[in-house]
Amino acid sequence: LGSGQGVGPFATVSLASVRLGFEEKVYAHFATAQAALPFLSPTGSLTFVSAVSAQAAVPGTAGIGAANAAVAALVPILAVELKPMRVNGVSPGVIDTPWWDGMPEPQKQAMFKDFAARTPVGRVGRPEDVAQAIAFLIADDFMTGQTLICDGGLRFTA
Ligand SMILES: NC(=O)c1ccc[n+]([C@@H]2O[C@H](COP(=O)([O-])OP(=O)(O)OC[C@H]3O[C@@H](n4cnc5c(N)ncnc54)[C@H](OP(=O)(O)O)[C@@H]3O)[C@@H](O)[C@H]2O)c1
């Protein structure tokens, strides 16, 4: 859930794009969780997917960063409101998934190379990196209200 809408310099990014970014990220997570609620075990767990644009201060990401911060903001509120269900989130960095496929392949590969060079662990993420973080949050029944940043350290250097 979520697209690349809401990306662009603050001075010029269109409000339509920012609105669509919220629609496709925040409302999609909100609506999916709300629709799933009657089918979830009261002692089960929900895990939202935010993004590191909520934590890294990267120019041009005000719109998408605000949408991802909104998803992260749901986490502690719902952890209390829906207790004893546990509610957590992950905040991925740059992950090699089809999310980036809108970009021409050579441009995408150059961007991954650049991010890998700037990321403390020296590579971009794989889907299984985020899956492991989600699996940890599901498995540890003392974890709730927490958004785990899974970015290889990118937020400090982006
Ligand atoms: N990849 C990254 O670098 C990165 C970084 C930070 C955060 N994230 C977040 O990680 C999450 C997963 O993204 P991804 O990288 O795995 O992207 P992805 O490969 O493009 O997968 C997105 C998935 O979400 C589904 N989807 C999109 N809009 C939906 C909607 N309105 N209702 C139901 N399903 C919808 C898509 O279904 P269809 O295939 O049927 O369209 C697809 O299965 C997103 O929230 C994204 O913002 C990704």
| field | Any hit, the range 48-57, residues being without any contact (Cβ under 8 Å) to a residue 12 or more places away in the chain and more than 17 Å from LEU154 (Cα to Cα) | value | no
| query | Since GLY122 meets every condition but one in (1) under 15 Å from SER91 (Cα atoms); (2) more than 14 Å from the chain's Cα centre (by Cα), which condition does it not meet? | reply | (1)
| note | Just one listed residue, out of ALA35, ALA28, is assigned to a helix (DSSP H, G or I), farther than 24 Å from CYS150 by Cα, within 11 Å of the ligand (Cβ to nearest atom) and modelled with pLDDT of 95 or more, and it is ALA35
| message | Go through (1) among the polar types (S, T, N, Q); (2) surrounded by fewer than 14 Cβ atoms within 10 Å (Cβ to Cβ); (3) touching a residue at least 12 places away in the same chain (Cβ under 8 Å) for THR12 and report which single condition fails. | response | (3)
| Are there any pairs with C-beta distances below 8 angstrom linking a residue in the range 93-112 that is farther than 18 Å from SER53 by Cβ to a residue that is at pLDDT 95 or above and within 14 Å of the ligand (Cβ to nearest atom), with the two at least 6 apart or on different chains, and if so which? | ASP101/LYS108
| task | Go through the range 98-126 residue by residue and tally those that are surrounded by 13 or more Cβ atoms within 10 Å (Cβ to Cβ) and not charged (D, E, K, R). | result | 12
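Could you grab me the full set of residues in the range 50-61 that are among the hydrophobic types (A, V, I, L, M, F, W, C) and buried (at least 20 other Cβ atoms within 10 Å of the Cβ)?
The initial filter retains those residues of the range 50-61 that are among the hydrophobic types (A, V, I, L, M, F, W, C), namely 51-52, 54, 56-58.
The answer is ALA51, VAL52, ALA54.
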| request: Could you check, for the range 5-22, whether at least one of its residues is within 25 Å of ARG155 (Cβ to Cβ), aliphatic (A, V, I, L, M) and under 15 Å from the mean Cα position of the chain (by Cα)? | output: yes
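The values are calculated or read from the model by the stated rules, or taken from the named source; none is laboratory data. Just so you know, these numbers come straight off a predicted model, no measurement behind them. For neighbour counting, all protein chains shown are included, and Cβ atoms are generated from backbone atoms with ideal geometry for every residue, glycine included.
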